[in-house]
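See structure below.
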Amino acid sequence: MKKPINILLNASIYYVVFRFLIWFVFILNRNLAETVNYHYSNSLFWYFIWFVFPILTAILIPVKFQIQFLKQVGSILLPILLVGTLLIGSLNNDYWGYWYKRPTVFNELKEVASIISITDIKKQYDQENFSIEIDTSATKKLYGRENLYYGNFDRPIMTFLDNAPINPSLFYWFKITKDTTKKIKKPELLSITNAILKNGFLKQPKLGYEKSGNRFNGKIIEFKTNKDNSFYHIALKSGETENDHYPFYEILINTKNLSKIIKKQIFYTDVAGIEGFEYTNLAGLVEFLVLIIIGLFIRVINGLKLIIKRKGLATL
């Protein structure tokens with residue numbers, strides 16, 4: 001029976017190769033890459049493509065046969081992969097707000113039964129509370145369908161529309177948006193404002209970005225689920241809190257208890273250069289380059305050992 005550690009050492013090479021091939025396919029098809037990497041309601045496929053499939057497939061190959069050279073490379077590569085995946089994930093989380101993939105919408109949105117109201121809100125940097133904004137220029141066009149990276153306000157609506165074929169009432173979301181009678185009431189908005197501002201969840205802007213970082217626009221959607229629970233979903237985006245760095249917040253509050261935030265999450269987008277410079281777009285390439293460097297290093301070491309051995313034999 002082949003030792004499990006030898007299988008893992010060989011498998012680490014195939015794991016990197018498979019992930020590089022996935023990365024290369026995504027480079028050739030950027031629409032596919034954006035759909036998978038930034039999908040708003042499904043993370044399972046991303047984790048299967050980037051982790052489950054490469055791991056399982058990579059292990060199956062060395063179960064059948066192993067190569068000594070790959071074992072040597074894997075003895076260096078495997079520890080780097082384990083440590084590097086955790087380290088880069090942590091760095092990714094510190095900057096982008098998530099370890100590997102952007103979080104999907106809350107499960108409650110996937111269980112929607114009806115939409116009660118849709119309200120645009122805003123808050124200037126020198127205002128204490130959010131106020132209702134009537135957007136007369138709103139259209140049915142969803143920016144999120146064109147750009148999943150930036151079109152984050154459309155994530156709930158796109159989730160509703162995915163369920164609309166089995167619940168046709170969800171197709172009328174825009175009619176609710178335009179209906180000025182179907183807006184959140186001011187007392188409820190004030191309660192939600194207090195819950196959010198007092199929670200300490202909002203990112204504090206760095207020095208020099210106080211005005212932009214305390215300026216918000218957002219959208220509140222009141223909806224009811226199949227379990228007959230009612231919620232407010234609040235999506236907020238502020239101005240930059242540091243250079244070209246914009247936080248996006250998603251918050252869930254039960255309509256029966258407006259003072260308590262049930263769920264919350266934050267992630268960031270960038271402009272002007274490093275948008276997309278994150279784990280999901282870089283890991284496949286970086287790991288492959290590390291593999292090449294280690295492989296060349298092992299080749300050189302093996303070559304030097306062979307030369308020294310031959311010289312030793314020649315002197316006998």
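The values are calculated or read from the model by the stated rules, or taken from the named source; none is laboratory data. Since the structure is predicted, the reported quantities are computational estimates derived from the model, not experimental observations. Positions of Cβ are backbone-derived with ideal geometry, glycine not excepted, and every protein chain shown enters the neighbour counts.
In the range 251-300, which residue that is of a type in the set (Ser, Thr, Tyr) and over 22 Å from the mean Cα position of the chain (by Cα) is farthest from His233 (Cα to Cα)? Per the criteria, the residue is Ser259. Residues in the range 243-266 that are assigned to a strand (DSSP E or B) and buried (at least 17 other Cβ atoms within 10 Å of the Cβ): 12 in all.
Check the range 215-227 and report whether any residue there is in the same structural domain as Ile266 (by TED's automatic domain parsing), in a loop (DSSP other than H, G, I, E, B), more than 22 Å from Tyr125 (Cα to Cα) and modelled with pLDDT under 90.
Within the range 215-227, one or more residues are in the same structural domain as Ile266 (by TED's automatic domain parsing), in a loop (DSSP other than H, G, I, E, B), more than 22 Å from Tyr125 (Cα to Cα) and modelled with pLDDT under 90.
Filtering the range 226-243 to residues that are closer than 25 Å to Thr181 by Cβ and in contact with a helix residue (DSSP H, G or I) (Cβ under 6 Å, 6 or more places away or on another chain) leaves Phe231, His233, Ala235.
Among the residues of the range 29-51, those identified as assigned to a helix (DSSP H, G or I) and either over 21 Å from the mean Cα position of the chain (by Cα) or among the polar types (S, T, N, Q) (or both) are Asn31, Thr35, Asn37.
The set of residues from the range 267-292 being touching a residue at least 40 places away in the same chain (Cβ under 8 Å), not in a loop (DSSP other than H, G, I, E, B) and not aliphatic (A, V, I, L, M) comprises Phe267, Tyr268, Thr269, Tyr279, Thr280, Asn281, Gly284, Glu287, Phe288.
Just to be sure before I move on: is Phe24 touching a residue at least 60 places away in the same chain (Cβ under 8 Å) and in the same structural domain as Gly284 (by TED's automatic domain parsing) in the structure I sent? Here the answer is yes, as Phe24 does meet what is asked.
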